[in-house]
Amino acid sequence: MLLEQIRQPNDIKTIEPELYGDLADEIRTFLLEKVSRNGGHLGSNLGAVELTMALHLFMDFPQDKLIWDVGHQAYTHKILTGRREAFDSLRKEGGLSGFPKRKESPCDCFDTGHSSTSLSAGLGFVKARDLKGANYKVVSVIGDGSLTGGLAYEALNNASRLETNYIIVLNDNNMSISENVGGMSKYLNNIRTADKYLGLKEGIYNTLKGVPRYGDAFVDAIRKAKRSVKQLVIPGMFFEDMGITYLGPVDGHNVQAMVKVFREARRCKNAVLVHVITDKGKGYEPAEKNPAKFHGIGAFDLATGNVLQPSDKASYTDVFSSVLCRLAKENESIVGITAAMPDGTGLVRFCNRFPDRFIDVGIAEEHAVTYAAALAADGYTPVVAIYSSFLQRAYDQIIHDVCMQNLHVVFAIDRAGIVGNDGETHQGTFDLSYLSGIPNMTVLAPKNKWELADMLKYAIQSTGPVAIRYPRGEAYDGLELPRRRIETGKAEILYGGRHVALVAVGNMVKTACRAREILAAEGLDITVVNPRFVKPFDVDMIDELCMTHSVVVTVEENVLAGGFGEHVLRYMNERGYLGRQVRCVNLGIPDQFVAQGSVEGTLKRLHLDAESIAEAVRSAWQQYDRQIHHEDTV
């Protein structure tokens, strides 16, 4: 087994070239075995096997710097740098990350998880190298989908002025998470299919080589002037017009051809883009046929490609999708907007039913938000569906282009809270903080699937910016009744009590109810409140709780800093409730980035499971009780 020979960085260089194909097959078999068992990003990794092998043959680790854009395609890189035996722990708590991590290996020079960042990071390493007077290689790998992100163009503009070597590898598989859209996709398609250009080039070379005495000289001259030849046939030559040398396209599954091109690129004293064409999901038919399904997938049956233990319950994404389509049928002003995630956000159904009112801007969250702002300014009701961790990228646009103008844009924030195995870069733990501090913004969080439906209807009928945040996975179907109407800034009491009030946001409501059951068995009478609105929150309800309860505990699946609990605590302090009259305890995510692990395990680790919440309530009540008894005896 060839993989047995690769135990540390650079061991691949001991493999004979005629065995590269066998090694690629072994890597794919290994990836399929591990990902089918643990889940993970499969399609992108199967497509990048030979590309990664070629980079490792070309580069020397850890001194050379390889920066992966997004990083979900770096599994082969991990295998080739000595982490193969750790793959059973992939994406598990305390195990191997599904993304590059500096703390995991010196061969991972930069942490990644979001798209379009690799070129900016690469330029930083190039500058650091030159300042040191060093000579190590710097290579950034970026997918064609990531080239829809504005940050990539900012970096390309900067790279065009380089007078030192920097290699950009464009991994072009015509597929990011969903189908690529926009001008760059069309441009790259033209290059991929430019048989006219490729045939002309080959024909010219072969003909001139046959000219006696002067043929080789002619060919050499044309090769030196190949940029001009390309511009005659492929108009624009976008990259070279920017001052970036373009090499390719090259077969991304031919290891030796790629190594040869990388070595040619290394000789250039400027930025060079090597255009590599790969097949996403290569070597596994189900992934080749359905790359979107196998972009990120749970454990699956290797023989069929079917996901193991599929849920028959609707997810929050499904509920959002169904309700939005129903509302859009009645309201022609509704427009759906996504940033390259129509499948993940549930907007693919909207797209199929209302194609003229669906916009996929590509991986460009900032653009999506400003685009939506202009639609709202002209009378439409845009619904922007983006994952919580990705919406962070558009923070300035939310403030400046939407909220400052008080425009009616609805933000459907999927994957809010703990998302699990993708780890720090994908946890949606900041949205309540970064949204609730913006003037004019309304922020809601549903306790179950029916409340999500009602909140979406409320948001569509409302005015101004409205954000609804909901978690990944199965939609909670408990607490169906009573189904109270959504009123601006009004909370609901689910269970009345007299000792402690538990005010739980969104997904934490069901957990708070379980904590109440634990405490009820101990004789503690707990009120459970669903605030519904994080902003504006129900101050009348807080006033009532402070008059009738000794302890108020807030619970949220968000960082404590700037979150719902802090807003409630500040209000209680301003009103003079805190002190002997009432205690306030905030439960949430501490000041840290949350590492990978299962959702259930992560919540338990963060003390946000039912037992931990019950313990926090119990402790707060006991402290209050001791304080009162102490003061009464003094």
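The values are calculated or read from the model by the stated rules, or taken from the named source; none is laboratory data. The model shown is predicted, which means the values in this text are computed figures rather than measured ones. For neighbour counting, all protein chains shown are included, and Cβ atoms are generated from backbone atoms with ideal geometry for every residue, glycine included. The accessibility values were calculated without ligands, DNA or RNA, using every heavy atom of the protein model including side chains. Shrake-Rupley method; radii C 1.70, N 1.55, O 1.52, S 1.80 Å.
Per-structure values
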{"quantity": "Test: residue in the range 111-120 that is open to solvent by 20 Å² or more (accessible area, probe 1.4 Å), of a type outside the set (S, T, N, Q) and in contact with a strand residue (DSSP E or B) (Cβ under 9 Å, 6 or more places away or on another chain)", "calculated": "no"}
{"quantity": "Residue that is surrounded by the most Cβ atoms within 10 Å (Cβ to Cβ), among those in the range 40-82 that are acidic (D, E) and in a loop (DSSP other than H, G, I, E, B)", "calculated": "D69"}
{"quantity": "Number of the condition not met by A412 [criteria: (1) open to solvent by 10 Å² or more (accessible area, probe 1.4 Å); (2) of a type outside the set (V, I, T); (3) out of contact with any Asp or Glu (no Cβ under 9 Å at 6 or more places or on another chain)]", "calculated": "(1)"}
{"quantity": "Matching entry among L479, L435 (being farther than 28 Å from H400 by Cβ and of a type outside the set (D, E))", "calculated": "L479"}
{"quantity": "Residue list for the range 374-412, restricted to those being under 20 Å from G362 (Cα atoms) and in a loop (DSSP other than H, G, I, E, B)", "calculated": "V409"}
{"quantity": "The range 578-615: number of residues that are open to solvent by less than 30 Å² (accessible area, probe 1.4 Å) and assigned to a helix (DSSP H, G or I)", "calculated": "7"}
{"quantity": "Complete set of residues in the range 253-303 that are more than 22 Å from the chain's Cα centre (by Cα), open to solvent by 20 Å² or more (accessible area, probe 1.4 Å) and of a type in the set (A, V, I, L, M, F, W, C)", "calculated": "A257, V261, C268, I277, L302, A303"}
{"quantity": "Sole exception among (1) open to solvent by less than 20 Å² (accessible area, probe 1.4 Å); (2) in contact with a His (Cβ under 9 Å, 6 or more places away or on another chain) for A385, by number", "calculated": "(2)"}
{"quantity": "First in the range 602-619 and within 18 Å of N421 (Cα to Cα), second anywhere and open to solvent by 20 Å² or more (accessible area, probe 1.4 Å) and among the charged types (D, E, K, R), Cβ under 7 Å, 6 or more apart", "calculated": "L603/D609"}
{"quantity": "In the range 335-361, the residues that are among the basic types (K, R) and buried (at least 24 other Cβ atoms within 10 Å of the Cβ)", "calculated": "none"}
{"quantity": "Residue list for the range 559-577, restricted to those being open to solvent by less than 60 Å² (accessible area, probe 1.4 Å), under 18 Å from H549 (Cα atoms), of a type outside the set (G, A, S) and not in a helix (DSSP H, G or I)", "calculated": "Y577"}
{"quantity": "Of residues in the range 311-334 being open to solvent by 10 Å² or more (accessible area, probe 1.4 Å) and in contact with a strand residue (DSSP E or B) (Cβ under 9 Å, 6 or more places away or on another chain), the one nearest to A373 (Cα to Cα)", "calculated": "S333"}
{"quantity": "Answer residue from the range 83-94, given it is under 20 Å from the mean Cα position of the chain (by Cα) and not acidic (D, E) and is most open to solvent (accessible area, probe 1.4 Å) among those", "calculated": "K92"}
{"quantity": "Which numbered condition L32 misses (of (1) open to solvent by 10 Å² or more (accessible area, probe 1.4 Å); (2) in contact with a strand residue (DSSP E or B) (Cβ under 8 Å, 6 or more places away or on another chain); (3) among the aliphatic types (A, V, I, L, M))", "calculated": "(2)"}
{"quantity": "Residues of the range 543-558 satisfying the condition of being aliphatic (A, V, I, L, M) and open to solvent by less than 10 Å² (accessible area, probe 1.4 Å)", "calculated": "L545, V551, V552, V553, V555"}
{"quantity": "Matching residues, the range 351-389, being without any contact (Cβ under 8 Å) to a residue 12 or more places away in the chain and touching a helix residue (DSSP H, G or I) at 6+ places or on another chain (Cβ under 7 Å)", "calculated": "none"}
{"quantity": "Residue within the range 362-380 that is at pLDDT 95 or above, under 30 Å from K289 (Cα atoms), of a type in the set (F, W, Y) and surrounded by 15 or more Cβ atoms within 10 Å (Cβ to Cβ) present", "calculated": "no"}
{"quantity": "Given (1) at pLDDT 95 or above; (2) open to solvent by 10 Å² or more (accessible area, probe 1.4 Å); (3) within 30 Å of the chain's Cα centre (by Cα); (4) under 25 Å from R102 (Cα atoms), number of the condition E26 does not satisfy", "calculated": "(4)"}
{"quantity": "Meets criteria (among the aliphatic types (A, V, I, L, M) and in a loop (DSSP other than H, G, I, E, B)) for L96", "calculated": "yes"}
{"quantity": "Selection from the range 134-157 of residues that are at pLDDT 95 or above, open to solvent by less than 70 Å² (accessible area, probe 1.4 Å) and either outside any helix (DSSP H, G or I) or not aliphatic (A, V, I, L, M) (or both)", "calculated": "A134, Y136, K137, V138, V139, S140, V141, I142"}
{"quantity": "Flag for D312 being under 30 Å from M59 (Cα atoms), among the acidic types (D, E), in a loop (DSSP other than H, G, I, E, B) and out of contact with any Lys or Arg (no Cβ under 7 Å at 6 or more places or on another chain)", "calculated": "no"}
{"quantity": "Of all residues in the range 482-504 being open to solvent by 80 Å² or more (accessible area, probe 1.4 Å) and basic (K, R), the one that is farthest from I468 (Cα to Cα)", "calculated": "R498"}
{"quantity": "Members of the range 1-23 found to be touching a residue at least 40 places away in the same chain (Cβ under 8 Å), among the hydrophobic types (A, V, I, L, M, F, W, C) and either exposed (fewer than 15 other Cβ atoms within 10 Å of the Cβ) or closer than 26 Å to A303 by Cβ (or both), listed by number", "calculated": "L3"}
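For (1) at pLDDT below 95; (2) among the acidic types (D, E), each residue gets a yes or a no:
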| position | (1), (2) |
| --- | --- |
| I67 | no, no |
| V70 | yes, no |
| D88 | yes, yes |
| E93 | yes, yes |
